[in-house]
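The structure appears right after this line, and notes come after that.
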Amino acid sequence: MKFRDYFSNNFETGEDHYLSNLRTRYYRARNDDVKAVVEELIAQEKGVLKANNENFCEMFYECPEYSCTVVVISPRPTETAVDLSVTTYKMLPFGKGIKIIDRLYKFFDSKLPFKGVSLYKQ
């Protein structure tokens, strides 16, 4: 983790992120099944779904300590990728966003069959 990450409020996962725990995760599930798990996650985190954009496959929700955009894309009918973008509401976050993303991915791993990390990295 870089020094500036301790003072950043915004963290986003990606296919080729320099931190291994912030890379895109893939699951063996249909798109609708993953969206149902996202709604279950929002209820567990005591969040409120603010926007569900079907055109861009994004779901945006807010919790008391952070807001999150979940991108659910299916490159194949039985494979779904999940990307997260988290913004914390802290003055000095000290990497809190990375801990939140780890917690959210652990929830997905417990509910969905895990396939791999960064499968389509070029």
### Charge dipole magnitude, Cβ of K and R +1, D and E -1 - the chain, Cα centre, debye nearest 20
380 debye
### Query
Using 1/(1 + (r/R0)^6) with R0 = 41 angstrom and r between the beta carbons of ARG30 and TYR6, what's the FRET efficiency to the nearest 0.05?
0.60
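Find out how many positive minus negative residues lie around TYR6, taking Lys and Arg as positive, Asp and Glu as negative, among other residues whose Cβ is under 13 Å from that of TYR6.
On the way: positive: LYS2, ARG4, LYS90, LYS96, LYS99; negative: ASP5.
Result for the local shell: +4.
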### Query
If each Cα of segment 1-108 is one equal point scatterer, what is log10 of I(q)/I(0) from the Debye formula at q = 0.10, 0.12, 0.20 Å⁻¹?
-0.27, -0.39, -1.06
### Query
When only Cα pairs under 8 Å and 6 or more residues apart are kept, what is the percent relative contact order across the chain?
37 percent
### Task
Read phi for every residue in segment 5-11 and hand back ³J(HN,Hα) as whole Hz from Karplus 6.51 cos²θ - 1.76 cosθ + 1.60, θ = phi - 60°, with x for Gly and Pro.
5, 5, 10, 9, 9, 10, 9
### Task
Taking the Cβ of VAL38 as the centre, find all other residues whose Cβ is under 15 Å away and add up their charges (Lys, Arg: +1; Asp, Glu: -1).
-2
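No value in this document is a laboratory result; all are computed from the given coordinates. This is a predicted model, so every value here is computed, not measured. We place every Cβ from the backbone using ideal geometry, glycine too, and count neighbours over all the protein chains shown.
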